[in-house]
Amino acid sequence: MIRWLDSISTHKTPGRCIRTSRLALLVLAIGVSLAGTALAEDDPGAHHHAGHGDGLLPRPDDYAPIGVMGQHTHPKGGFMASYRFMRMHMQGNRVGTTQVGVPEVLTDYMVSPTEMDMDMHMFGLMWAPSDRVTLMAMIPFLDVSMTHISRMGAVFETDATGLGDIGIGALVELFAKQGNQLILNAGMTFPSGSIDRTDITPMSAPDTTLLPYPMQLGSGTWDLKPGLTYNGRMDWLSWGSQAIGTFRIGTNEQVYRRGHEYLINGWGAWKALDWVSVSARLEWRQWFNYSGRDTRLMGPPFVVVPTADPSLRAGKRLDIGPGLNFVIPGQFLRGVRLAVEMLFPVYQDLDGPQLQSDWTLVVGTQYDW
Ligand SMILES: [Cu+2]
């Protein structure tokens, strides 16, 4: 696992990028073939979750903190519909691990971003054709806005809204025994999110201009998302960890490619009552610089705003935060889940100047049947 992650951190040459993509393809191929095997060898005795049909309330911590995706499987024939709202608030700039003020950014650039909100509405569906395999689809809608200040002192905001990159995937149970479960995540996203979003800026007014990289809604590439998830549980406690990579294949229509990414999660949850659990989570993310650039944006070498520089995109961050999961007891809406989670960065290292994360909020609801 660690070697595989190492291999994406050193993609300096095109040859390595191609190798990385091939590796990701291989992982997906293994996933698909395992899925096939699992479908063929369905074991009807291997249900892990209590169904709702027996009248028992399911555990509030059956599923991970709401900010974690693709963490659980369902028993054969199970369905789940979910909705999540995520807001990531970014404020202030950072170079490496050091915060930098607006005057410092404006020494080298005409414009400095000051704040950004990335809102995401994520609709999810899960269906289990067998006990071993759960299929999932995720449809994100994005609403991003960024506030800037120019050297002339003009404050302005740009906005972009619309569909993001739609994801599909298979979750394949590799191992399940005595409260332990290991899942293979074989996911991918389609380039359904726009990379052509425009808005009006003081420099472009009255015309619109192409928005820089962080304001675009998709990668423009087909991205593979292989990973592994581990879940453990006892009577009052549950815990888990997950590692997921994002490998971009080839380049998009503007002949650039966003950086690869990976994410490692670890969490624990305490079932305080039958209908509520309290969780804590650690999330480590790293994302790399772009290769190529959108030639419709100016520069480098001359870049108006750091967000338009494809070599100032990389970073890594450790977030930590609490969460609550509820299962509605009683008769009305019985079994509907509600969850909330807040994440705060404790470490950020950015190829900057780049906007730094301030906090992330995730609220969501899930219902399975
Ligand atoms: Cu589910």
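Limited to the range 59-85, what total is found for residues that are closer than 22 Å to HIS121 by Cα, away from the ligand (no atom under 12 Å from the Cβ) and touching an Asp or Glu at 6+ places or on another chain (Cβ under 8 Å)? Residues that pass the stated criteria total 3. Which condition from (1) at pLDDT 95 or above; (2) over 16 Å from the mean Cα position of the chain (by Cα); (3) closer than 21 Å to ASP61 by Cβ is the one that ILE320 breaks? The number of the failed condition is (2). Restricted to strands (runs of 3 or more DSSP E) entirely inside the range 87-202, those with at least 1 residues that are crowded, with 21+ Cβ neighbours inside 10 Å are 111-127, 133-150, 155-163, 167-177, 180-189. Checked against (1) more than 16 Å from the ligand (Cβ to nearest atom); (2) modelled with pLDDT under 95, ASP368 meets all criteria but (1). Among the residues making up the range 109-139, a single one is β-branched (Val, Ile, Thr), touching a Phe, Trp or Tyr at 6+ places or on another chain (Cβ under 8 Å) and away from the ligand (no atom under 13 Å from the Cβ): ILE139. The condition of being acidic (Asp, Glu) and closer than 30 Å to ASP108 by Cβ holds for GLU261. Out of everything in the range 258-285 that is of a type in the set (A, V, I, L, M) and closer than 20 Å to PHE326 by Cα, what residue ends up being most open to solvent (accessible area, probe 1.4 Å)? Among them, the one singled out is LEU273. Evaluation of ILE328 against the conditions (1) more than 16 Å from the ligand (Cβ to nearest atom); (2) among the β-branched types (Val, Ile, Thr); (3) open to solvent by less than 50 Å² (accessible area, probe 1.4 Å); (4) within 21 Å of the chain's Cα centre (by Cα) shows that the sole unmet condition is (4). ARG296 falls short on exactly one of the conditions (1) open to solvent by 50 Å² or more (accessible area, probe 1.4 Å); (2) farther than 22 Å from ILE195 by Cβ; (3) modelled with pLDDT under 95, and that condition is (2).
The values are calculated or read from the model by the stated rules, or taken from the named source; none is laboratory data. Given the structure is predicted, the values throughout are model-derived calculations rather than measurements. Glycine also receives a Cβ, built like all others from the backbone with ideal geometry; neighbour counts cover every protein chain displayed. Heavy atoms of the whole protein, side chains included, go into the accessibility calculation; ligands, DNA and RNA do not. Shrake-Rupley method; radii C 1.70, N 1.55, O 1.52, S 1.80 Å.
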